[in-house]
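S.K.: This structure is in C-alpha cells; I'll ask about it shortly.
The values are calculated or read from the model by the stated rules, or taken from the named source; none is laboratory data. These figures come from a predicted structure and were not determined experimentally. Neighbour counts are summed over all protein chains in view; Cβ atoms, including those assigned to glycine, are modelled from backbone coordinates with ideal geometry. Protein only, heavy atoms only, side chains kept; ligands, DNA and RNA dropped before computing areas. Shrake-Rupley method; radii C 1.70, N 1.55, O 1.52, S 1.80 Å.
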Amino acid sequence: MTSKGVIFRRCGCKDPVTGGRLGHVCPQLVDAGHGSWYFHVSVTNLMGRRERVRRGGYRTEAAARRARNEVLGRSREEQSSRSWTVARWLRYWLSTRVGIRPTTRLSHTQYIERFLIPHLGHIRLAELTVRQLTAFFAAVGKETNRFGKPHTPTTLAHIRTTLRAALNAAIREGLIVDNPARRVELPTRRRAHAMVWTPGRVADWQATGIRPSVAVWTAAQLAAFLDFVRGDRLYALWWLIALRGLRRGEAAGLRWADLDLEHHQLAIVRARTTAGYTVFEGPPKSAASSRTVALDRRTVAVLREHACRQRRERAAAGGRWRDSGYVFTNRHGSPLHPGFLTHRIAALAAAAGLPPVRLHDLRHGAATLAHLAGTDLKTIQDQLGHSSIVLTADTYTSVLPAAQYKAAEATARLVLGAARKDRDKITKLARTTSVAAQPVSEGITIHDTGQVPVVAAHRPSTRPATRSRTVATARQPRGNHRPHRTR
C-alpha cells in the first residue's frame, strides 16, 4: 500500500554562522517566489519492498502535487525503471542469474564493475539512450588495457553483450520497452584465423618478436614437438590435444571411467575450468561438447603407456597417493590445475626451439591436420564438439602449406588443360585456313556459320557457264513492249 507522501517547500540558503543549509526553515520562505517545491512518497518496488521516492525543483505546489500523483499512479515495474539506476539494475540482474557458468559470471562482473557502472551507473534505467551509449563506447575505446594498449573491438563487443543481456532482462520484467544497446554501432571486429608457422613467419617473429594471435604448427613442427616431449610425464595429454582436438578443460577433467580403450573411444562428459584462479568442474561448454571421440591405434597405445606410468607413480608415492580417478594428475594423484597446462606448453615449446603456440592452438592444429588429411567438415565438427559447422569452417580449418601447394597445382592443371585444348583448336583452324589460302579462282564464297568464318574456294570448272534462275527472271523485256506505267 502506498501513502500520499509529503509536499513541502525548501531553498538553498545557508546559515551565515554554521554554513549549513537552512532548507525548509529559511525565514524567506514566507515570500511566495522564494525556494522551490518538493515531495517524497513511499512506494513498493519490483521486489515487493518499500522504498522512498523524492523529487524537487518544482516552481509551484500544484506542479509538485501533479508529479507526486504521477509517481503514485505508476506500476511497480515503471516505478522501478524510473527510480532504479543502471548500476542498481546491473547488480540485481547479475545476482539473479543462476544458469550461467562461473567463467561467464566472472566476465560479466568484470565488465559491469570496471566499465559499465563507472560510466553509466548514475543514469536512471528508463532514461538510458543510444546517444549516451555511443559516447560511453567512444570513451572506453580511448582508454587503455593492462598492457597499455587501447581496448580492442572484441572487448567493446563483449561489454555490449553484457549490457544487452541485462537490458533484455529488464524488458522481460516490464521495466523498459526498448533495448538501446541493440542500436549502438561499434568498430568492426574480425574473427582471428589461425596462421601457420611458415618459415617466413618464423623468421619475422625471430626478428621482431611479433607473433600471430592464433598460430598453429605445421605437421613437421608438431612431430618435432611430440618427439621432444616423448619422455614428459604428460606426453599422452599433449598427444591427445594435438591429434584429437580436446579443449584444455576437457583434457584436465578426463577420468579413466570415460575411456573405453577396448573399443577405441573416449567420452567427454565434464570439464575443469577456471574463474580467476579458482577451479570449477562441471558439464562441458555446450550440449554439442558432450560427445564421443574416436581413437586411433597409436593414440590407444599412448594412453595405455600413460596408464602404466601412472601405476608406477602410485607405487612410488605410497600412502601419499590420492586415488582421484583422473587420467592426468600430478605425482600424488590429484587432478591438474588447468592453468598449469597453459604455462607448461609454453615452456616445452621454448625448450624445443619451436615458435610459440598456445595450448588452445594445438586444438586449432588438430582440426587443420584432420582437414588436410581429407576429413570432411561435418566429421571435424563432431570431433571438436562444435554446435555449428560455420564455426568449424571459419576458424579451425586453416590451410597448411602442403594443402596450398596441392590447390595451386590443381588450379594450374585446370588452366593449362583449358589452354591446351584451345591451342589444339587454334592449330586445327590454322591448318584449315592455310589450305584454303592456296591460289584459287576468282570465285570465293564466305559461309557465315555464326562462328569463325570459313573461307571456301571454288576451283575453275570446264562446264559452260549457265545463267542462274535469278538472273534470268531479272532480264529486260524484248521488242517494243514497255512496262505499264501507273500515273
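S.K.: What is the stretch 302-346 by shape, rounded, prolate or oblate, if you read a ≥ b ≥ c off the alpha carbon gyration tensor as root eigenvalues and call it rounded for a/c under 1.5, prolate for a/b larger than b/c, and oblate otherwise?
M.R.: Oblate shape, in that a/c is at least 1.5 and b/c is the bigger or equal ratio.
S.K.: With charges only on Cβ, +1 for K and R and -1 for D and E, what is the dipole size of the stretch 261-320 about its Cα centre, in debye, rounded to 20?
M.R.: That gives a dipole near 160 debye.
S.K.: Quick one: which residues, 5 or more positions from A271 or on another chain, have an amide H under 5 Å from its amide H? H modelled 1.01 Å from N in the peptide plane, none for Pro or chain starts.
M.R.: Close amide H contacts, sequence-distant or interchain: G282.
S.K.: Quick one: net charge around G365, please, counting Lys, Arg +1 and Asp, Glu -1 for every other residue with C-beta under 12 Å from its C-beta.
M.R.: Once all neighbours under 12 Å are counted, the net charge is +2.
S.K.: Do any trypsin sites (Lys or Arg not before Pro) in the stretch 204-247 lie in a loop, going by DSSP, with at most 13 other beta-carbon atoms within 10 Å of their beta carbon, and if so which?
M.R.: Taking the stretch 204-247 and a limit of 13 other Cβ atoms within 10 Å, the loop trypsin sites (Lys or Arg not before Pro) found are R230.
S.K.: Compute the semi-axes of the equivalent ellipsoid of the stretch 186-234, taking the square root of 5 times each eigenvalue of the Cα gyration tensor, and list them largest first in whole Å.
M.R.: 27, 15, 10
S.K.: Could the peptides 31-42, 212-223 be put in order, highest first, of the mean number of other beta-carbon atoms found within 10 Å of their residues?
M.R.: Ranking, from highest mean packing down: 212-223, 31-42.
S.K.: Once you order the gyration tensor axes a ≥ b ≥ c over the Cα atoms, which shape class does the stretch 242-371 get: rounded for a/c under 1.5, otherwise prolate or oblate by comparing a/b with b/c?
M.R.: rounded
S.K.: Peptides 263-271, 59-67: what's the order by average Cβ count within 10 Å, highest mean first?
M.R.: Packing proxy ranking, top to bottom: 263-271, 59-67.
S.K.: Now for a different question. At a temperature of 4 °C and a viscosity of 1.567 mPa s, determine how fast the stretch 146-193 diffuses translationally according to Stokes-Einstein, using the Kirkwood radius over alpha-carbon pairs as Rh; express D in µm²/s, rounded to the nearest whole number.
M.R.: 105 µm²/s
S.K.: While we're on this one: Over the stretch 93-145, with every protein chain in place, what whole percent of the accessible area is carbon and sulfur at 1.4 Å, could you tell me?
M.R.: 53 percent
S.K.: Work out from phi, with θ = phi - 60° and the Karplus expression 6.51 cos²θ - 1.76 cosθ + 1.60, the ³J(HN,Hα) of each residue of the stretch 287-304, listed in order in whole Hz, and give x for Gly and Pro.
M.R.: Result, ordered by residue: 4, 5, 6, 6, 8, 10, 10, 6, 10, 7, 4, 5, 5, 4, 5, 5, 5, 5 Hz.
S.K.: Long-range amide H contacts for Q265: which residues qualify at under 5 Å (H placed 1.01 Å from N, peptide plane, sequence gap of 5 or more or a different chain)?
M.R.: Amide H neighbours of Q265: D260, L295.
S.K.: Now for a separate question. With +1 on the Cβ of every Lys and Arg and -1 on the Cβ of every Asp and Glu, and nothing else charged, how large is the dipole of the stretch 164-311 about its Cα centre, in debye rounded to the nearest 20?
M.R.: 140 debye
S.K.: With the Cα gyration tensor of the stretch 230-284 giving a ≥ b ≥ c as the square roots of its eigenvalues, does the rule (a/c under 1.5 for rounded; else a/b larger than b/c for prolate; else oblate) give rounded, prolate or oblate?
M.R.: Oblate shape, in that a/c is at least 1.5 and b/c is the bigger or equal ratio.
S.K.: Using a cut-off of 12 Å between beta-carbons, work out the net charge of the residues near G121 (Lys and Arg +1, Asp and Glu -1, G121 not included).
M.R.: Local net charge: +3.
S.K.: Calculate, for the stretch 106-187, the solvent-accessible area per residue in square angstrom, rolling a 1.4 angstrom probe over the heavy atoms of the protein chains.
M.R.: Here the residues of the stretch 106-187 average 55 Å² of exposed surface.
S.K.: Output the peptides 152-158, 425-431 sorted from most to least packed, where packing is the average of other Cβ atoms within 10 Å over each peptide's residues.
M.R.: Ranked from most to least packed, the peptides come out as 152-158, 425-431.
S.K.: Go through the stretch 257-266 residue by residue and turn each phi into a ³J(HN,Hα) via Karplus (6.51, -1.76, 1.60, θ = phi - 60°); whole Hz please, and just put x for glycine and proline.
M.R.: Listing the rounded values in order: 5, 8, 9, 10, 5, 5, 9, 6, 7, 9 Hz.
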